[in-house]
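These notes concern the structure reproduced below.
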Amino acid sequence: MPIPRHRRILVVEDDANTLFLVRSILQKHFSVTTATEPKTALDILRYVHHDLVLTDLHFGHAMPTGIHLLESIRTIDAYESLPVIAMSGYASYGDPDRLMSLGFAGYISKPFARQDLLKALAVSPGG
């Protein structure tokens with residue numbers, strides 16, 4: 001399902017370099033909000049409508065994980081079907097089929113190229 005241009009995307013990532021990279025790629029196509037941990041992401045979603053969440057699966061050694069974040073997002077009214085795309089650099093989380101069965105709308109492994117990120121969000125790399 002293509003995501004319309006200039007929609008709101010929430011990026012949840014605790015690594016500053018990855019967050020900078022993702023934001024710089026996406027800000028041409030979307031209104032981008034960022035959070036460095038799941039609690040902040042949930043607070044943002046409760047107060048500002050977003051059309052998609054792009055989340056890391058592992059936040060340092062802390063809980064909750066991106067999977068827990070997805071479960072919490074599903075409890076918020078109006079977000080039962082919000083597309084949530086997982087990002088991970090860990091092979092143990094690298095099973096897209098498993099993540100899709102948990103309710104993620106997609107998966108992108110890190111490191112990724114610009115075109116891979118845009119493809120995961122159904123955006124033309126040249127656009």
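Restricting to the chain, compute how many DSSP beta bridges are antiparallel as a %, nearest 5.
So the antiparallel bridges amount to about 5 percent of the total.
Which Rg and Dmax, in Å, describe the Cα atoms of the chain?
Both quantities, over Cα of the chain: 13.2, 37 Å.
Counting Lys and Arg as +1 and Asp and Glu as -1, what is the net charge of the other residues whose Cβ lies under 15 Å from the Cβ of residue 73?
Neighbour charge sum, excluding residue 73 itself: -3.
Measure off 7 Å from each Cα along the Cα-to-Cβ vector at residue 119 and residue 28, then give the distance between these two points in nanometres to one decimal.
1.7 nm
Work out, in µm²/s and without decimals, the Stokes-Einstein translational diffusion coefficient of region 12-69 at 10 °C, 1.306 mPa s, Rh from Kirkwood over C-alpha pairs.
After rounding, the answer is 135 µm²/s.
Using the beta-carbon distance between residue 7 and residue 90 and R0 = 35 Å, what value does 1/(1 + (r/R0)^6) give for FRET efficiency, to the nearest 0.05?
E(calc), rounded to 0.05, equals 0.80.
How large is the accessible surface per residue of the chain, computed with a 1.4 Å probe and reported in Å² as a whole number?
Result: 53 Å² per residue.
The values are calculated or read from the model by the stated rules, or taken from the named source; none is laboratory data. Given the structure is predicted, the values throughout are model-derived calculations rather than measurements. Note: ideal-geometry Cβ built from the backbone for every residue, glycine included; neighbour counts use all protein chains shown. Just so you know, the surface numbers come from the protein's heavy atoms only, side chains and all, with ligands and any DNA or RNA stripped out. Shrake-Rupley method; radii C 1.70, N 1.55, O 1.52, S 1.80 Å.
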